[in-house]
Structures are given as structure tokens and as C-alpha cells.
Amino acid sequence: MPLFGKKKKETKAERPPVAVSQNETSYFGKNLMIKGRVSGNGNVIILGGLDGEFNLRGRVKVAQSAKIKGEVKADVISVNGSVKGSLVAKDRIHLDQTARVEGQITTPKLSISEGASFDGEISMNDRSSKPAGTHKTDSALDPLSKTAPIKK
Amino acid sequence: MPKDTSADSISLLSKNVRIEGEIQGPENLHVEGYLKGAVDLSGDIFIGNTGIVEADVEAKNIVIQGEVNGNVKAHQQLEIHPTGKLVGDCTAASIDIKEGAVFEGRSNMIKSSRAAAGPSSNSTSGRGPQIQKQPQPE
């Protein structure tokens, strides 16, 4: 046993694990600061800072340690952290109890947990956001807060 | 939750996601998507097979399996895998370029890394890490 252990240590190259499947959730850690624009398809969990814009087809989860200044656009947005700016969701937004939001929310469906703080304006007119016939069953789009983030 | 000793978590930029802008912090980053702008990390960056980076990159260790257009600076090691492609200059304390890798550009070694690495925790975070590079080609 110890022999193998030693060998491993010698060849250690500091490299993150390679196991990434195609559609994994992007994850921006607590120490990461992003200035600019994040776009594309996929889910994102952010724990760090963003100064700029999210524009995603997918879910965005703003974790408790996250600080966002700017605009977040996504299908589903769930906020536990702090956001200054606007939140625009195609499907729904949830503000959890630790959320601190200052700004504007635009979404067809909204839920706010007790304890959340929200300073700003809400707009819920859904005529623009739902083209006819896109009433999906919602089971596919559970609120983020309880779902495990990573799927294969 | 572990506390924030430098770079203990790995951030992931997945395949269909792109970032245009600046990224910084004491964090490890795994890129499978598209990244344009500037990257300045005191952790490691790993650019996977599907990763495309058009940016100047600075990090502790840099591993390239995908594509990088820009200048890279690795405070420790730069590694280019057989599938990797680097177009731009590199600066590193140690380089490891595998057979099949593509590298177009100049390479500068960070000299006397051991002497400089003593109080290693100081530089990296600020604006200008002052590593003296001598402009001699060898």
C-alpha cells in the first residue's frame, strides 16, 4: 500500500479531474471573479462574483456567497445570494430566504421565500415570454434549490 | 465547506457556455467551453478537449488539451497535450509539450523560480507581478 502511495505522489501533476460529460453544469467557484458576459446553453451555478451579464438558455443558480452586478437572463433563475441589477426569466424565478436582490425582476412565475430581501420592481406580463403552445409540464423544471446540480 | 485557502475548488466552464470578459481570482478553472478576454488566476487552469480560449492567460499551472490563442504565463508549469494547440507566446517555469501538440510562438522560461518562489504568496494577486524576465532567447 504505502509503495503505491509514494509512486502516486511523485507523478502528481496538478491537474483537475478530466471527467466532464457534455452537458454538465458550469460552476463558478467562490473565488472566481468574472467581468463580462456569460452566454450559451446550459446550467450555471455561481458562487463567486459577476460584474456583467448572464444570458443563458438554462438554469442559473446564484448561490449564497455569490455577488452579481448586472443582468441575469435565463430560463429559470434561483437566487440565494445577492444581485444588483435585473433578473429576467423565461420560465420562473425563485428568491430563497438568503437572497438579496436590488433591481428589477421580469418573469411569468415568481416565488419569494420568507427572509428574502427584494428592493425593486416586478413585472409579470407574460405575453411576450410565451409563444403559443409552449406550456411545458413543469416537472422538468423543478425549482433549483433542492435539485442536485450535476447530472450526467 | 473548506475555507478559502487559495484555489481549493475547481470552477467549470462547460461546453456550450461562453464567457467574454475578464476572469480572475484564486481558483482553479476547467474550460470546456469558449472563453475570450483575459484570465488571471492564482490557481490552475485546465483547457479540455473542447475548450477554446482566446485570451491572455496567467495561472499557476496551465494544461492545454484544447485550443489557446493568446499569450500564456504559467508561474509553475505549462503542459500541452497531444490534442492541444497554443498559438501565442508562453512564459513558464517549466514546460512539457507532448508529441503531437501544436505550439506556435515564443517561449520564455521564468528563471530562478526557486529563489523567487520563496515568498510565493505575495505577487500573483496584484496588478503587476514583478517577475524579471531577461529577454535572452535561450
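A compact table of results
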read-out: Average beta-carbon neighbours from other chains, 10 Å sphere, peptide B:41-50; value: 3
read-out: Out-of-range pairs (alpha-carbon distance over 31 Å; input A:Lys67/B:Lys98; A:Lys30/B:Lys73; A:Lys73/B:Lys98); value: A:Lys67/B:Lys98; A:Lys73/B:Lys98
read-out: Shielding by other protein chains, B:25-33, mean Cβ within 10 Å; value: 6
read-out: 10 Å Cβ neighbours from other chains, averaged over peptide A:43-54; value: 3
read-out: Long-range amide H partners of A:Ser86 with built H, under 5 Å; value: A:Gly70, A:Glu71, A:Val72, A:Gln104
read-out: Sequence ranges B:37-49, A:91-103, ranked by mean other-Cβ count within 10 angstrom, highest first; value: B:37-49, A:91-103
read-out: Packing-based exposure ordering (other Cβ within 10 Å, fewest first) of B:Lys15, A:Lys61, B:Lys36, A:Lys109; value: A:Lys109, B:Lys36, B:Lys15, A:Lys61
read-out: Derived scalar couplings ³J(HN,Hα) [region B:43-60; Karplus, 6.51 cos²θ - 1.76 cosθ + 1.60; whole Hz; x for Gly, Pro]; value: x, 9, 10, 10, 9, x, 3, 9, x, 10, 10, 10, 6, 7, 10, 10, 6, 6
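Readers should treat all values here as calculations from the given coordinates under stated rules, not as data from a laboratory. Just so it is clear, the structure is predicted and the values come from calculations on it, not from any experiment. Every residue, glycine among them, receives a Cβ derived from its backbone with ideal geometry; neighbour counts consider all protein chains shown.
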